[in-house]
1. Take the Cβ-Cβ distance between Thr338 and Ser90 as r, set R0 to 30 Å, and report the resulting FRET efficiency rounded to the nearest 0.05.
2. Could you give me D for the stretch 90-150, from Stokes-Einstein at 4 °C and 1.567 mPa s, where the hydrodynamic radius is the Kirkwood radius over C-alpha pairs? Units µm² s⁻¹, please.
3. Report the label-to-label distance for Phe110 and Leu223 in nanometres (one decimal), using points 7 Å from each Cα along the Cα→Cβ vector.
4. Find out how many positive minus negative residues lie around Ala302, taking Lys and Arg as positive, Asp and Glu as negative, among other residues whose Cβ is under 15 Å from that of Ala302.
5. Let me check I have the definition right: for the stretch 173-230, take the eigenvalues of the Cα gyration tensor, multiply each by 5, take square roots. What are those semi-axes in whole Å, largest first?
6. Past 21 Å, Cα to Cα, is the threshold; run Lys80/Lys225; Lys173/Lys206; Lys75/Lys436 against it and keep the listed order.
7. Can you give the Rg to Rh ratio for the stretch 103-204, taking only C-alpha atoms and Rh from Kirkwood?
8. Full extension from Ile61 to Ser177: what is 0.36 nm times the residue separation minus their Cα-Cα distance, to one decimal in nm?
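We did not get these values from a lab; they are worked out from the coordinates using the rules stated. Remember, it's a predicted structure, so these values are computed and weren't measured experimentally. Cβ coordinates were reconstructed from backbone atoms using ideal geometry, including for glycine residues, and neighbour counts include every protein chain displayed.
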Amino acid sequence: MSVPTTGSSGTPSVGSQALEGAPPSHGLGPGASSGGAGGEPLRLSWLKPVGMVGLSFWNFIVRVFTMGIYHFWGKTEVRKRLWSGIRFNSEPLVYTGRGVELFLGFLIVFFLILFPVLLLIIGAVYYFGPESPYTKAVQLFTYILFFYLFGLAVYRAQRYRLARTTWRGIRGKLEGSPWIYAWMSFWMGVLVPFTLGWILPWRAVKLQKFITENAHFGDRAFLFKGGSGPLYRHFAVLWFVSLSIYGIVLWSLWAKMLPTLLTLQKISNSGEQMPTVGIVVILALIYGSLILAWLLYAIASAWYRARMINHFAACTMFDNLEFAGTLQARGLIYVAVTNFFIRLAGSVLFLFIGLALAVWAYAAMSGFQPPDIDPEKWDKAIRGVTVLLTIGVLLFALSGFSLFTPITQARRTGYLIDHIATRGTVALSDIMQGAKQDIKLGEGLAEAFDIDAF
């Protein structure tokens, strides 16, 4: 079962070795298994990490003053706290990753992949022209390359996170080839439009199975038993509901927009100036309808996503331990909606702060009249500054949308853990430390593609 992508430092009961990221080479020990040869029951629980509000402000402020460089260290601290909230038998997971690993991984990917690809595109446009078939071929190659690399990024990110996760001093591990996973993700993704999306449940199960069966805790591997059949009934409902939603929205959009388009066409043919109101109405209808369709789809898909996560949990085993998911659509919707408003609160907060600073700057400037500058030129300068201040306030408010991201990540992780149950036992005394993977850099591709999911 995959480990969440964010976490916390916790204090395990196995001594200082786990804290230093150097787990002992022996097993969990006889004292770790109260069940002897029969194994020990494991209870998964969530303990809400403290200090997430303060951490949110700290990460944001330092990230701004370091021009984004602190992002990698801030993400590491968030993961340490979230990991400590995930507990088996009241003992926390420990995240041992470091911010410098994420930073160096991103730099390497940027200079070895992203920057050369950017230069290739710019060179093609400059040498062949933007409309040249050679330029189009280069762009197509870039899309295909990034589509393939996305799967590679997912697997390598999971591998790094598991390698930096320990429990009672025993670390996790993800074996298998990320290149094979990337190829599986690629060719099955190519088939999605040709199957009208009906390959998606089968694809999701195949990819999850590949990751799960290559995941290890110590020297013991996870198992994944199950197929995609149980998902198709729910997916069929989602597919037809989605088709109906978009069909109705597009029909309504066309029915409402067509009269306005015809009217504007007549005005245009007569040589008159196009009315601004008509253009605004069309844009409002287009974007409003698309947003409405997206919201309706998000609500409808929550039912399927809950079923998929529950199915993945039911198919996962570790030793004699089984998992069961009890997620529900209304719970996913509630977490998503409330998380949106929490993040929106950050934007509103920054909007007021930005407005206060802008008003202060405007008042200070408008109340000052330089003696050597013509009043009309000074008025034009003030109007220009007003435009810049307005843009600055909007950008400032937009950046505030990420302020409370650590809090929303904790709430999303907590909901998932609270709705995953365990039954059965694990022979903890038999689990030995697995071979350490030589992973020195973390998630460069995942950072490039902004992948930070479960």
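1. 0.65
2. On the way: Rh = 14.1 Å.
My calculation gives 92 µm²/s for D.
3. If labels sit at Phe110 and Leu223, their model points lie 4.6 nm apart.
4. +4
5. Three semi-axes, in Å: 25, 14, 5.
6. Working: Lys80/Lys225 31 Å; Lys173/Lys206 19 Å; Lys75/Lys436 24 Å.
With Cα atoms farther than 21 Å apart: Lys80/Lys225; Lys75/Lys436.
7. Reported Rg/Rh, Kirkwood definition of Rh: 1.10.
8. Values: separation 116, 0.36 × 116 = 41.76 nm, distance 3.88 nm.
Length gained, Ile61 through Ser177: 37.9 nm.
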